[in-house]
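A short write-up of the structure that comes next.
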Amino acid sequence: MEILMIFTSGIIIAVATYLFLTRSLLRVVFGVVMLSHGVHLLILTLSGLQTGAPPLLTENADAYTDPLPQAVILTAIVISFGMTAFLLVLAYRTYQDHGTDDLEELRGNADE
Amino acid sequence: MKTNFLMFHTITRIVSFIVLSFSIYLFFAGHNAPGGGFIGGLMMAGALILLYVSFDIDKIKKVIPFDYTTIIGWGLLIAILTGLNSLLFGDAFLTQYFEYYQVPIMGEVELTTALPFDLGIYMVVVAVALLTILSIAEDVS
Amino acid sequence: MSLLHFVVLAPFIMAIFMPFFYYKFRSVHTGWFLLPLPLILFIYIATYIPINGGGLEPVEHTVPWVPSLGINFSVYLDGLSLLFGLLITGIGTLVVLYSIFYIKNKVDEPLNNFYVYLLMFMGAMLGVVFSDNLIVLYVFWELTSLSSALLIAYWFHKEKSRYGAQKSMLITVSGGFAMLAGFSLLYVIAGSTFSIREIIAQADVVVQDPLILPAMLLILLGAFTKSAQFPFHIWLPDAMEAPTPVSAYLHSATMVKAGIYLVARMTPVFGLTVEWFWIVLIFGLVTLTWGSISAVRQTDLKGILAFSTVSQLGLIMSLLGMGSAALHFDYVETEAIYYTAIMAAVFHLINHATFKGALFMVVGIIDHETGTRDVRKLGGLMAIMPITFTVSLIGLAAMAGLPPFNGFLSKELFFTASLNVASLDIFNLETLGFFIPVVAWIASVFTFVYSMMIFTRTFTGEFKPENYKEDVHEAPIGLLISPIILASLVIIFGLFPNILAYTLIEPTMQSILPGLTSVGEQFYVNIYHWHGINTELLMTIAVVLIGLAIALNLKKWQESYFFQRERDPLNAVYDLGLDQLVVQAQNVTNMQMTGRLRDYLLYMAVFISGIMLWTFFRYDAFAIDFSNELAVPFYVILVVAALLASTLALPFISHRITNIVLLGVVGFLIALLFVIFRAPDLALTQLLVETVMVVLFLLTYRHLPEITKEAKNIWSTSMKAIVSAAVGGAVILTGLSVHALNQGTDITPISDYFIENSKTLAGGYNMVNVILVDFRGLDTLLEVLVLAIAALGVVTLIKHKMKEGEDV
């Protein structure tokens, strides 16, 4: 199962990279969201999948899945939410002020 | 636009009430079962967003007259103060304590300093989500 | 911490209080508050002088700083440090006294800055000479460069000051960097120690290492840039824009001698190699000659003195080069010829500090009183400024090498040393050595000529009042005290040179040439005035005669093309280099900073995937292990298939709503995967975040335009596809290898600690939550802080819009 998930996250990250390289600012934001999805899956997968009960001591199991990556990912999910919100607003404010969300047209001057 | 959303409003009232109570449950359950400050906070934010969406921003603002920016501040302050608390006992910053008490009706109850810390997080999460969404929603240009 | 540590730190501590003195006691010249410090330090350091002539027992104290890297703040006092410590604090006292009268306490004169920089320099310089640790030495070394640049730019409204400061900074600091690299090599060679004494102790092993030559060259680069050796000397004449007390202190007596110090300090190690002898000797001789010839071309008094300093530094440097040959012979008291060079170097170091310090101060006085330093305007000051004239005469005579002043003695020793070296039978000297005394003699002739030039053009000749802005008269006594003290020292050392012999010179020689004498034995140091009629004396007489002849015909000489050009031709190289540096840096920047977000992201993607794949190939880290793959349940395959389908559809659909919905689908499917992988907290969070996020996207949707169509360009599309495939491939490879590694080895995960302790230590059953709020509470706190900042950023972006035409 891990190998399947590694490939899945690899593909998600590849798609995220592709979205990064497009001209539309909105798509770049989509890329950020997808990238964090891919990385979350990868971190969770690499710690081993379904190796025990959920990390709740009330389960009284012999083995639990690793709680540390879960805590890390939980933090990451919330942070990426904040990031995405900020980026979205940045994107549409850019559009409002410049009248375009085409990154080719948003290029700065060569001397900057 | 004078459209009648009777069904929608009625369902929203019931659902948001349930979601709100569930959010509070999740918050308290956090230490021992899935839940906690983040999840509870997001759930609360979800419920409130539902209210804002189905009714009107101005109406809900009258009902919930909070300034979310201030709530962020309070949340951070509470979290930091619970952290500072441990310094008084000579422990490292953010050391948490817990104790079990026997309460007549409820039986054994656990009190932890992690709870106020989580409350701070809860407040920040709720306020951040709503502040962001309301700012965008109110932006008419 | 010992008292010696405080000697180094005291100037820094004092510097903190200077602004306070400046602002609190505005009417008193700030220099008065500072004056006692160098004096006290001088007296304290002077207590270490072995007065009874019994030799100096080195003193050492260590305070650990970064012990794990072998970096300790060790102070070490031996003959060499003692000599330099006395120079720094002694000349420092005189210079501070002089500066009190030189820089007037005017309203807009930032005296606090001046004295803070000066103290910073003093502390840094003491740190350089007292520290035994190479890294600490380096830190102080760069601090001297910094404070020197700040002092040169003290009158920063003048463009030339800024130019000079930048130049000195660039040249000395880049030399310093080279030196740091050299130190690091030395650290490796000497078996992980930065301690100079430990390196010296194993010198004969160290010099066998093949890396010794690069280490030596790099360290010499540092020393040569600092000590203004050819061709790095070009910064020193431009540094003359500094106030004269600074020139007298930093750029003649102390800082430029830091390079000399380093060469002397390193002689016990590198002196054992042939290359050291030749490099130090030849650079010294070239500098000596070039400096003295260039000095004749100058018309600015300080310019003459600057090139003269360059030349004298070259002299000392060449003597150190010659002296290193002594390490190849055993010490025999009667055969003084081997170590005469070192003796001469140390003696001349002291002499140069005295007479050049006095001359700089005198030039400062002339500048101060007449308003000009141009020898074409000056003249006939002998009668008007008699005391200044007397002091200069003493200084100039010493510089020109005339008896009975101390300069004569050290110049004689210099000739002796060069003749001795030419007759040695090592390093092919019997065939090549003849040029050394010849070059030494030619340079001495020019030294005599420029000394004469200062004398005749400033003090003799006709006094022309129209050349001066103000009424010219003798300087106030305060300005004269310091040069008079220095001039008296010139005479005292000239008449009784042997008071220095066993107090300062011999201990210093012991630290430059350790281990030559047996324990308790001392070098035989005795400096005579009269050796009988020998080659040296004849050389001196010839110098005087030829020098006089040239000086009298100087007018004719200076008409030739070479002497018309005041600026050193090497400056063109520096200026061109600096211009090109700026231009090329701009070109390189423009090449990569295209202003396209896409390009920047492309760099990152290419770099990350490149470095990951390279690492795989480099370490052959491919480890793919399919063996432990459990049978994947059918529902997982369904979820993954749906996930991949919506993911892959994203780039192809340019309808916004569809995109947003697809993104939501991906998020919810991932939440589902979290459920399957037994992460309930994650699933809940993901679910809720996704809900809020979809609302967010839908809200911003009305503000955003339809997605821009991509240009139909096969090349760019395929490049994007290749780069993203490479990134994805690198991630997959890494993941597979880590997974295989997990299978192969038995690693105990760190989370076992959390599993065991979350009940007992934190009283919680939900481990994820316990980690968040308890074990890693600080992370969570900072995380919500980030969230708060993001939200405030959003509010700011929306609510505080810029007005029409406003720009950041």
With no solvent and one point per C-alpha, what does the Debye sum give as log10 I(q)/I(0) for segment B:6-138 at q = 0.10 Å⁻¹? -0.41
Return the value, in Å² to the nearest 100, of accessible area buried between chains C and B (probe 1.4 Å, both sides summed). 3600 Å²
Using only Cα atoms and rounding to the nearest 10 degrees, what angle (0 to 90) does helix C:777-799 make with the longest principal axis of chain C? 90 degrees
Set Lys and Arg Cβ to +1 and Asp and Glu Cβ to -1, take the dipole of segment C:751-808 about its Cα centre, and tell me which of C:Ser758, C:Val794, C:Phe775 lies farthest positive. C:Val794
Formal net charge of residues neighbouring C:Phe493 (Cβ-Cβ distance under 14 Å; K, R +1; D, E -1): +1
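What part of the accessible area of the protein assembly as shown, given as a whole %, is carbon or sulfur when the probe is 1.4 angstrom?
Accessible surface attributable to carbon and sulfur in the protein assembly as shown totals 69 percent.
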Would you mind classifying segment A:2-98 by shape? Square roots of the alpha carbon gyration tensor eigenvalues, ordered a ≥ b ≥ c; an a/c under 1.5 is rounded, otherwise it is prolate if a/b is larger than b/c and oblate if not. oblate
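Explain nothing, just the number: relative contact order of chain C, from Cα pairs under 8 Å at least 6 residues apart, as a whole percent.
So the answer I get is 10 percent.
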Estimated D of segment C:562-671 in µm² per second, where Rh is the Kirkwood radius over Cα pairs and Stokes-Einstein applies at 37 °C, 0.692 mPa s: 158 µm²/s
Before I look further, what does chain B give for accessible area per residue, probe 1.4 Å, in whole square angstrom? 54 Å²
Angle between the Cα long axis of helix C:274-297 and the longest principal axis of chain C, 0 to 90 degrees, nearest 10? 70 degrees
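Give me Rg/Rg_expected for segment C:597-750, where Rg uses Cα atoms only and Rg_expected = 2.2 N^0.38 Å with N residues.
On the way: Rg = 19.1 Å, N = 154, 2.2 N^0.38 = 14.9 Å.
Segment C:597-750 yields a ratio of 1.28.
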For segment C:597-750, whose charge dipole is built from +1 on Lys and Arg Cβ atoms and -1 on Asp and Glu Cβ atoms, the candidate among C:Ile722, C:Ile707, C:Leu669 with its Cα farthest towards the positive end is C:Ile707
Go ahead and estimate [θ] at 222 nm for chain C from helices alone: -39,500 (n - 2.57) per DSSP H run with n ≥ 4, summed, over the residue count, rounded to 500. -22000 deg cm²/dmol
Between 0 and 90 degrees, rounded to the nearest ten: what's the tilt of helix C:134-152 against the longest Cα principal axis of chain C? 70 degrees
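Could you rank A:Thr94, C:Thr748 by how accessible they are, 1.4 Å probe, largest area first? Please report the intermediate quantities before stating the final value.
On the way: A:Thr94 35, C:Thr748 100 Å².
Listed by decreasing accessible area, they come as C:Thr748, A:Thr94.
Put C:Arg162, C:Arg373 in order of accessible area, largest first, 1.4 Å probe: what do you get? Mind dumping the intermediate values first?
Values: C:Arg162 115, C:Arg373 55 Å².
Ranked from most to least accessible, the order is C:Arg162, C:Arg373.
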Largest first, how would B:Lys62, C:Lys709 line up by accessible area (1.4 Å probe)? B:Lys62, C:Lys709
Size of the dipole of the protein assembly as shown about the Cα centre, Lys and Arg at +1 and Asp and Glu at -1 on the beta carbon, nothing else charged, in debye to 20? 2680 debye
What total accessible surface area, summed over both chains, is buried at the interface between chains C and A, computed with a 1.4 Å probe and given in Å² to the nearest 100? 8400 Å²
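About the Cα centre of chain C, how large is the charge dipole given +1 on each Lys and Arg Cβ and -1 on each Asp and Glu Cβ? Please answer in debye to the nearest 20. Each step should come with its number before you reach the end.
Working: 40 positive and 54 negative charges, 485 e Å.
My answer is approximately 2320 debye.
Average the reciprocal distances over every distinct pair of alpha-carbons in segment C:751-808, invert the result, and give the Kirkwood radius in Å.
On the way: mean 1/r = 0.0704 Å⁻¹.
Computed over Cα pairs of segment C:751-808, the Kirkwood hydrodynamic radius comes out at 14.2 Å.
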Reach of C:Lys556 by Cα under 25 Å, taken over lysines that are not fewer than 8 positions away in the same chain: C:Lys302, C:Lys377, C:Lys464
For segment C:241-371, report the accessible area per residue in Å² (1.4 Å probe, heavy atoms, rounded to an integer). 15 Å²
Equivalent ellipsoid dimensions for chain C as semi-axes, Å, which come from the Cα gyration tensor, largest first: 67, 33, 27
In vacuo Debye sum over C-alpha of the protein assembly as shown, base-10 log of normalised intensity I(q)/I(0) at q = 0.09 Å⁻¹, listed in q order, is -1.00
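The values are calculated or read from the model by the stated rules, or taken from the named source; none is laboratory data. Just so we're clear, the structure is a prediction, and the values are computed from it rather than from any experiment. Don't worry about glycine lacking a Cβ; one is built from the backbone with ideal geometry, like all the others, and counts go over all protein chains shown. Ligands, DNA and RNA are excluded from the accessible area calculation, which covers all protein heavy atoms including side chains. Shrake-Rupley method; radii C 1.70, N 1.55, O 1.52, S 1.80 Å.
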